[in-house]
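Report on the following structure.
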Amino acid sequence: MKPEILEAADAAMPAALDRLFELLRIQSISTDSAFAEPCRAAADWLVEDLNSIGFTASRRDTPGHPMVVAHHDGPGPHVLFYGHYDVQPVDPLELWNSDPFDPRLEDTPKGKVIRARGASDDKGQLMTFVEACRVLKAETGALPCKITILFEGEEESGSPSLTPFLKANADELRADFAMVCDTGMWDADTPAICTTLRGLVGEEVTIQGADIDLHSGGYGGPAVNPLRVLSHILAGLHDADGRVTLDGFYDGVAPISNATRAQWDSLNFDEAAFLGAVGLSHLAGEQGFSALEQNWARPTAEINGIWGGYTGKGFKTVLPAKAHAKVSFRLVGTQDPAKVRSAFRAHVNAMLPPDCTATFEEHGSGPATVLPSDSAEFALSAAALSDEWPNAAVFTGGGGSIPIVGHFKEILGMNSVMIGFALDDDAIHSPNEKYNLASFQKGIRSWVRVLSRLGAA
Ligand SMILES: [Zn+2]
């Protein structure tokens, strides 16, 4: 790669920012149907922009918000690039210091930032790739790889159209591998490639006792209390060491290898600061594991909500007929979401006393993602990132879930390389979201380097 291409990328920054700001002004909030029009406008804006670079791009309507699909020929491997143009709602609006849809550059003690909803998640990120393609095209007249782009408009609202769309268009979208730009850096100087993500099982349980709510004076004592039953059941999900007690829960959970442990230890993760940032000081998870290990390599069971009876103002001596809870499990390795769900249901049913019944409602599931980090595309990407940033690239895990990576594997048979330039303090999903100007500029330069290396390999 000629160094002039990077100089051209830097010289194009004002125009690149103008384009990003245009996209950020579009209020593409996917979860609220009142914003369907702006979602379509964001898709149309991207189609037009990609066509202007020489992609063959189109808006592809779905039962929900549209997808954007674009193709460009090239000599190297075929890369599918994924990002999403939809954003989270902006409430509470009064906590923003400026209009979330009036993007601006701000000086901060940590440098210049782009302030707007979607600046980091994911419009700023996806535009790093688009701008890299633009500068490569302008400087060399071609792209070093064959590229297909998929931009989704429902990532922040559960992606209802994604799986059907991938299945219906599998032949068109299948590539050698995917690059997913929706993750972050390790820190402001250290780029990261995320290699594992936890899976998720969501479950809601309702315990019913009597037919109707009772008075705790009239029936208290003789009648079963579903809230008490539910509390007992949920308390039984963990043992004293924080291990989950469900039958077979740890099937598919591999021990952490010495090499992985050494790599993660070398990151010098500051547990005290991590906990201190949210007012905590004590590591509460499964004993015998560090915070990073608990977050990246160990599964969890969490109670996300529990309700029933009377919770309003004042006091009511009700003995409720029903008790409810929402419970989720984060999965790792090859844990089977269906087996975890049935183990949970078996645990509940086994602990039900007479006169109580349990009903269950599914709230989605997906297995964990473990990406092979020994592929050529990983090595080339890591080398390219290490060239651009002050520190060499590190391989990290992720405690959350990015379902698209699992869908690419399952439906399209492709592995993904997860590269992103977001930082922990970007306030994605919160008021005053920002993206460091350095993330944007060096993100563009990073993709130029990654695509050039992939093409030259
Ligand atoms: Zn995102």
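The values are calculated or read from the model by the stated rules, or taken from the named source; none is laboratory data. As the structure is a prediction and not an experimental result, all values here were calculated from the model. Positions of Cβ are backbone-derived with ideal geometry, glycine not excepted, and every protein chain shown enters the neighbour counts.
F329 - would you say it is more than 25 Å from the chain's Cα centre (by Cα) and either part of a strand (DSSP E or B) or closer than 23 Å to A210 by Cβ (or both)? Criteria not met by F329. If you go through the range 67-104 and keep only what is buried (at least 18 other Cβ atoms within 10 Å of the Cβ), part of a loop (DSSP other than H, G, I, E, B) and of a type outside the set (F, W, Y), you end up with G74, G76, P77, D86, Q88, V90, P100, P103.
Count, please, the residues in the range 419-432 that happen to be away from the ligand (no atom under 11 Å from the Cβ), at pLDDT 95 or above and touching a Gly at 6+ places or on another chain (Cβ under 8 Å). The number of residues fulfilling the criteria is 2. Only one of the numbered conditions (1) among the aliphatic types (A, V, I, L, M); (2) out of contact with any Pro (no Cβ under 8 Å at 6 or more places or on another chain); (3) within 15 Å of the ligand (Cβ to nearest atom) is violated by V450, and that is (3).
Taking the options A358, A346, name whichever one is more than 16 Å from the ligand (Cβ to nearest atom), closer than 30 Å to D211 by Cα and either modelled with pLDDT under 95 or touching a strand residue (DSSP E or B) at 6+ places or on another chain (Cβ under 6 Å) (or both).
A358
Take the residues in the range 111-167 that are in a helix (DSSP H, G or I), among the hydrophobic types (A, V, I, L, M, F, W, C) and farther than 30 Å from D425 by Cα, then tell me which one is farthest from the ligand (Cβ to nearest atom). Filtering the range 111-167 for residues that are in a helix (DSSP H, G or I), among the hydrophobic types (A, V, I, L, M, F, W, C) and farther than 30 Å from D425 by Cα, the one farthest from the ligand (Cβ to nearest atom) comes out as A138. None of T190, T206 is of a type outside the set (A, V, I, L, M, F, W, C), in contact (Cβ under 8 Å) with a residue 60 or more places away in the chain and surrounded by fewer than 17 Cβ atoms within 10 Å (Cβ to Cβ) except T206.
Among the residues of the range 80-110, the one identified as closer than 12 Å to A427 by Cα and within 12 Å of the ligand (Cβ to nearest atom) is Q88. One residue stands out among those in the range 383-441 that are under 19 Å from the mean Cα position of the chain (by Cα) and among the hydroxyl-bearing types (S, T, Y): the one that is surrounded by the most Cβ atoms within 10 Å (Cβ to Cβ), which is Y435.
Output the residues belonging to the range 163-198 that are of a type in the set (S, T, N, Q) and closer than 22 Å to W389 by Cβ. If the condition is that a residue be of a type in the set (S, T, N, Q) and closer than 22 Å to W389 by Cβ, then T183, T190, T195, T196 are the ones that fit. Scanning the range 383-404 for residues that are under 30 Å from P160 (Cα atoms) and part of a helix (DSSP H, G or I) yields P403, I404. Checking each residue in the range 249-283 for being exposed (fewer than 11 other Cβ atoms within 10 Å of the Cβ), aliphatic (A, V, I, L, M) and closer than 28 Å to F344 by Cα picks out no residue at all.
Got a number for residues in the range 45-67 being in contact (Cβ under 8 Å) with a residue 40 or more places away in the chain and of a type in the set (S, T, Y)? Matching residues across the range 45-67 total 1. Do we find that G64 is more than 16 Å from the ligand (Cβ to nearest atom), crowded, with 18+ Cβ neighbours inside 10 Å and at pLDDT below 95 in this structure? Spelling it out, it is not the case that G64 is more than 16 Å from the ligand (Cβ to nearest atom), crowded, with 18+ Cβ neighbours inside 10 Å and at pLDDT below 95.
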